[in-house]
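To start, the structure under review is shown below, and the notes come after it.
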Amino acid sequence: MHTDLGTYADLHADATAVLSRWTATSPAAAAHRDRTLELLAAGPVALGRSHRPGHVTASALVLDPTGARVLLCLHGKFRRWVQLGGHCEPGDRTLAAAALREATEESGIAGLVVDPVPIDVDIHPVSCQGGSLHYDVRFAVLAPAGATERVSDESEALGWFPPDRLPEPLADATAQLVAPALAALARRADS
């Protein structure tokens with residue numbers, strides 16, 4: 001599949017700028033940020049899913065307004081509970097906008113608000129293109145009060161869970177999102 005690289009030019013510029021100035025939330029996130037910046041040196045091609053060495057994705061840990069619950073999906077393909085997210089699309093102009101689009105599509109919730117500062121970066125193997133890597137930039141997304149989720153085609157189920165009682169089986173790097181997401185919520189409340 002050939003991708004028009006010009007369609008990812010704005011997103012590439014945003015991803016490079018955001019990650020270059022981001023203060024990582026953990027030593028692992030710092031190492032993954034640095035590796036993601038190395039991937040982005042390949043240019044806009046690093047954002048398209050056809051880039052076999054790996055591609056940047058965007059995901060979101062959705063919180064209720066109080067931080068008492070997080071929304072997770074039971075992923076249809078790998079049958080684990082995980083945050084919402086996925087591939088960047090040509091129309092995405094920023095990584096935060098890509099995470100917000102994915103969260104909205106996968107949750108069915110209108111009125112979500114993304115915190116534009118990443119909360120984590122994780123690199124993990126995926127089956128795209130016969131085997132590749134996702135360089136996943138993660139964001140905190142806040143749901144409006146009274147939000148009702150709707151399961152999309154990509155999930156088996158959606159569920160709200162207390163941050164200290166996440167469901168099993170849980171995807172490997174999902175639990176590490178809780179603390180930085182709650183910190184992002186607290187920063188918003190203070191501002």
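The values are calculated or read from the model by the stated rules, or taken from the named source; none is laboratory data. All values reported here derive from a predicted model rather than from experimental measurement. As a convention, Cβ positions derive from the backbone with ideal geometry for all residues, glycine included, and neighbour counts pool all protein chains shown. In case anyone asks, the SASA skips ligands and DNA or RNA and just uses the protein heavy atoms, side chains included. Shrake-Rupley method; radii C 1.70, N 1.55, O 1.52, S 1.80 Å.
Could you please tell me which pairs satisfy a Cβ distance under 9 Å, a separation of 6+ or placement on different chains, a first residue in the range 37-66 that is free of Cβ contacts under 8 Å to residues at least 12 places away in the same chain and closer than 25 Å to Ala147 by Cα, and a second residue that is open to solvent by 10 Å² or more (accessible area, probe 1.4 Å) and part of a loop (DSSP other than H, G, I, E, B)?
Going by the 9 Å Cβ cut-off, the qualifying pairs are Thr66/Ala145.
When you go through (1) among the charged types (D, E, K, R); (2) open to solvent by 50 Å² or more (accessible area, probe 1.4 Å); (3) in contact (Cβ under 8 Å) with a residue 12 or more places away in the chain one by one for Asp122, which number turns out not to apply?
The single condition Asp122 does not satisfy is (2).
Please verify whether Ala179 is farther than 15 Å from Cys73 by Cβ, hydrophobic (A, V, I, L, M, F, W, C) and either open to solvent by 30 Å² or more (accessible area, probe 1.4 Å) or touching a Cys at 6+ places or on another chain (Cβ under 8 Å) (or both), treating the condition exactly as stated.
Working: farther than 15 Å from Cys73 by Cβ: yes; hydrophobic (A, V, I, L, M, F, W, C): yes; either open to solvent by 30 Å² or more (accessible area, probe 1.4 Å) or touching a Cys at 6+ places or on another chain (Cβ under 8 Å) (or both): yes.
The answer is yes for Ala179.
Quick check, is Glu156 under 28 Å from Ser50 (Cβ atoms), open to solvent by 50 Å² or more (accessible area, probe 1.4 Å) and more than 17 Å from the chain's Cα centre (by Cα)? Please lay out each step first, then the result.
Values: under 28 Å from Ser50 (Cβ atoms): yes; open to solvent by 50 Å² or more (accessible area, probe 1.4 Å): yes; more than 17 Å from the chain's Cα centre (by Cα): yes.
In short, yes.
Just one of the numbered conditions (1) touching a Phe, Trp or Tyr at 6+ places or on another chain (Cβ under 8 Å); (2) farther than 17 Å from Leu72 by Cβ is not true of Gly159; which one?
(2)
Considering Ala97, Ala143, Ala184, Ala171, which residue is open to solvent by less than 20 Å² (accessible area, probe 1.4 Å) and more than 19 Å from Cys73 (Cα to Cα)?
Ala184
Please go through the range 32-86 and pick out each residue that is farther than 30 Å from Pro163 by Cβ, open to solvent by 10 Å² or more (accessible area, probe 1.4 Å) and among the hydrophobic types (A, V, I, L, M, F, W, C).
Selection gives Leu39, Ala41, Ala42, Val45.
Surrounded by 23 or more Cβ atoms within 10 Å (Cβ to Cβ), of a type in the set (A, V, I, L, M), closer than 24 Å to Ala179 by Cα and at pLDDT 95 or above: does that describe Val18?
Values: surrounded by 23 or more Cβ atoms within 10 Å (Cβ to Cβ): no; of a type in the set (A, V, I, L, M): yes; closer than 24 Å to Ala179 by Cα: yes; at pLDDT 95 or above: yes.
Spelling it out, it is not the case that Val18 is surrounded by 23 or more Cβ atoms within 10 Å (Cβ to Cβ), of a type in the set (A, V, I, L, M), closer than 24 Å to Ala179 by Cα and at pLDDT 95 or above.
Select from the range 101-119 the residues that are touching a Ser or Thr at 6+ places or on another chain (Cβ under 9 Å) and under 16 Å from Glu154 (Cβ atoms) and list them in ascending order.
Selection gives Glu102, Ala103, Glu105, Glu106, Ser107, Gly108, Ile109.
What single numbered condition from (1) part of a strand (DSSP E or B); (2) hydrophobic (A, V, I, L, M, F, W, C); (3) under 22 Å from Asp92 (Cβ atoms) fails to hold for Trp160?
(3)
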